[in-house]
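All of the numbers you see were taken from the coordinates with simple rules; none came from a lab. It should be emphasised that the depicted structure is a prediction, and the values quoted were computed from it without experimental measurement. Positions of Cβ are generated from backbone atoms using ideal geometry, with glycine treated the same way; all protein chains shown enter the neighbour counts.
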Amino acid sequence: MSPTRRDFLAGASAASFLLTHHSAAQTATGRVTLDAAQTRIQLAPPEFPQTEVWAYNAQVPGHTLRHTRGDILDVQLKNNLSQDTTIHWHGLRLPNPMDGVPGLTQAPVTPGSSFDYRFALRDAGTFWYHPHANSVEQVSRGLAGVLVVDEPKAERPDVDADEVLVLDDWRMASDAVIRDDFGAPHDMSHAGRLGNYITVNARPEMRRAAPAGGRLRLRLVNTATARIFDLRFRGLQVWLAALDAMPLETPTKVTEVALAPAQRADLLVDITAEAGEEALIASVERDGTFALAAFDVTGPARATRPAPAALPPNDMPKVDLNEARQVPLVMAGGAMRGLPDGGMWKGDRMDMRQLAGAGQFWAFNGMVGMPDAPMVEAFKGETIRIPIDNRTAFAHAMHLHGMHFREVLDGGTLGPWRDTLLLGAGQTREIAFVADNPGDWMFHCHMPSHQMSGMMNWIRVS
Ligand code: C2O
Ligand code: CU
């Protein structure tokens, strides 16, 4: 199908529909049930048929769960799919048994059964939730939702609106059916499962009215399985305020934002376009630059605001590089470069041909897939540095569960807190984190096609 996205540079006037100010938010009133099941929704533009998706409570994206820092999250997952599932709470510093990784932190939730997730929300920020079982298929079919944890009321920034933008892509046939080629070797060995239809909150475009001179908080979440969004802005002054839920020490003025799979960015956005104009967020794609979100600017111009203050920080540990132990990670494999020395898979040494035959293409430190022993065994409170050498010809989004990390930059300075790091092809980058959360935590590429074909490992903190 040809995605109906409007050309960014040609300007925007032909929006075919106007979304009203619906609130996907939900207030914290005790337990929520998330029922994972197959359903049908109008995903493609109205001239196309409905699409069969897998969804939580028949909604795509799933219900935005909204809480305040310090609340208890209390969610019952019901599995009405025909296969095992779980929920992973992406980016949360939570107790290990709540992390949702089947075979590592919990038993899989079998069809017809349920599982209770209950834990305290210690950090404010933008998070998301998704299955951690057969993720290529389950996430690609629509199972993903956002969890917003608000700062306590007195600490929230003063904004005219606070919106969640779930950026996603879908691989659809011309009849709006999601293609079921989830195990395609080409996707696994190349850039992952890219879609051909991009959506914001499961619509081809988001459109809102916005006051001239107003300030918005936009919570961007990339739930796509492989697409790296490269975002540009028009008629907006954009301040990057938080990455992967964690506030920056000072909001930074930006003109572009790159968002890898699983990453989030909280933007404070001042409307600089005038009344009657349109402010835009656009995505740079191979075939052009396309508007994803449009703001129809209304009302009398207001005085420009001073630069926004930093969001209140979460309580993070201190990363002391001098005390740190270094554990290197070499990423290898995939098309072009391959695994010349083969790799260890399920206890056997295999060459590239044998691995490809088993649907495996990548290795971390020569290990293909989840090894019996973790790549790091840290004692609680230890600081670990992981220099990551991406010797592949592709970009990867490395995600650590349970703890945030900081990038070690030139001269030993530390970058912002993150839970997912985008590494370009051939890049070497280093992360450091305080292993303060006991348990077994996954460390993997968040492009599930890569994860299932070798790019996963784990870290034990005890
Ligand atoms: Cu969002 Cu291991 O994943
Ligand atoms: Cu990858």
Applying the gyration tensor rule to the Cα atoms of the range 109-177 (axes a ≥ b ≥ c; rounded if a/c under 1.5, else prolate if a/b exceeds b/c, else oblate), the class is oblate
As a check on your grasp of the helix formula, calculate [θ] at 222 nm for the chain: sum -39500 (n - 2.57) over DSSP H runs of n ≥ 4, divide by the residue count, round to the nearest 500.
-> -1000 deg cm²/dmol
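Above 22 angstrom, tally the Cα pairs of the range 161-298 and express them as a % of all pairs, no decimals.
40
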Could you pull out every residue, at least 5 positions away or on a different chain, whose amide H is within less than 5 Å of the one on residue 243? Hs are placed 1.01 Å off N in the peptide plane, and Pro or chain starts have none.
-> 248, 266
Quick one: what are the phi-derived ³J(HN,Hα) couplings along the range 286-302, Karplus 6.51/-1.76/1.60 with θ = phi - 60°, whole Hz, x for glycine and proline?
-> 4, 9, x, 10, 10, 6, 9, 9, 10, 10, 7, 7, 10, x, x, 5, 10
Distribution output for the range 32-152: share of Cα-Cα pairs per 5 Å bin in percent, first bin at 0, values 2, 12, 21, 24, 18, 12, 7, 3, 1, 0
Cut-off under 5 Å, modelled amide H: who pairs with residue 298 long-range = 210, 212, 276
Kindly list the residues of the range 195-219 that lie in the label zone of residue 298, defined by a backbone N under 11 Å from the point 7 Å along the Cα-to-C-beta vector.
-> 208-212
Taking residue 346 as the anchor, which aspartates and glutamates have their alpha carbon closer than 14 Å to its alpha carbon, excluding any fewer than eight residues away along the same chain?
-> 372
For residue 382, list long-range residues whose amide hydrogen, built 1.01 Å from N in the peptide plane, is under 5 Å from its own amide hydrogen.
-> 435
Hey, what did the chain get for relative contact order, percent, Cα under 8 Å, at least 6 apart?
-> 14
Across all Cα atoms of the chain, Rg and the largest Cα-Cα distance (Dmax), in Å, are 21.5, 69
Assuming 1.306 mPa s and 10 °C, estimate D for the range 321-461 with Stokes-Einstein, Rh taken as the Kirkwood radius over Cα pairs, in µm²/s.
-> 105
Which whole-Hz couplings ³J(HN,Hα) result when phi for each residue of the range 97-110 is put into the Karplus expression 6.51 cos²θ - 1.76 cosθ + 1.60, θ = phi - 60°, listed in order with x for Gly and Pro?
-> x, 9, 7, x, 9, x, x, 10, 10, 6, 6, x, 8, 7
Starting from the Cα of residue 52, step 7 Å toward the Cβ, then list every residue of the range 75-104 with an amide N under 15 Å from that point.
-> 81-83
Once phi for every residue in the range 374-384 is put through the Karplus expression 6.51 cos²θ - 1.76 cosθ + 1.60 (θ = phi - 60°), the whole-Hz ³J(HN,Hα) values, with Gly and Pro written as x, are x, 6, 9, 10, 10, 8, 4, x, 6, 9, 10
